[in-house]
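Remarks on the structure that follows.
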Amino acid sequence: MELKRDLLNNDLRVILQIFEVSNKNKEQMNLSKLLDYFEGRIDEIVISQSLDRLFDDGILSAEYRKIGKKWSRVFFITGEAESFVEDIYNKTVNN
């Protein structure tokens, strides 16, 4: 399954990983978890640029939540973009 995901551009790879963790696994996705996932595959600056574009396009949003004893910025997909991202996820990951 990972092979199809590797063909996508970095913005889509980032948003699909956020979707998988937050919507499918029902976990909170923050920057450190995202960087850990892509370590060695996508440079941190590229991930940061992708996040900026996803925020600017209204696909991604975030809020600060307490995780354990620390506050962290948790990412989530906006309601308007959720079906779009889910459709791409289903076509690239579940097939």
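Structure notes:
- Pairs, first more than 20 Å from Glu63 (Cα to Cα) in the stretch 24-41, second buried (at least 16 other Cβ atoms within 10 Å of the Cβ) and not hydroxyl-bearing (Ser, Thr, Tyr), C-beta under 7 Å, six or more apart: Tyr37/Gln17; Phe38/Ile47
- Among the numbered conditions (1) surrounded by 14 or more Cβ atoms within 10 Å (Cβ to Cβ); (2) more than 11 Å from the chain's Cα centre (by Cα), the only one that Ile18 does not meet is (2).
- Odd one out for Ile18 among (1) among the hydrophobic types (A, V, I, L, M, F, W, C); (2) closer than 25 Å to Gly68 by Cα; (3) modelled with pLDDT under 95: (3)
- Any hit, the stretch 23-39, residues being in a helix (DSSP H, G or I), hydroxyl-bearing (Ser, Thr, Tyr) and either in contact with a Pro (Cβ under 7 Å, 6 or more places away or on another chain) or exposed (fewer than 13 other Cβ atoms within 10 Å of the Cβ) (or both): yes
- Per-region count, the stretch 44-88, residues within 14 Å of Asp11 (Cβ to Cβ) and not β-branched (Val, Ile, Thr): 15
- Criterion: surrounded by 15 or more Cβ atoms within 10 Å (Cβ to Cβ), in a helix (DSSP H, G or I) and touching a residue at least 40 places away in the same chain (Cβ under 8 Å) - qualifying residue of Val85, Val74: Val85
- Look at (1) part of a helix (DSSP H, G or I); (2) under 14 Å from the mean Cα position of the chain (by Cα) and you find that Ala62 fails only one, number (1).
The values are calculated or read from the model by the stated rules, or taken from the named source; none is laboratory data. All values reported here derive from a predicted model rather than from experimental measurement. When we count neighbours, we look across all protein chains shown, and the Cβ atoms used for this are built from the backbone with ideal geometry, even at glycine.
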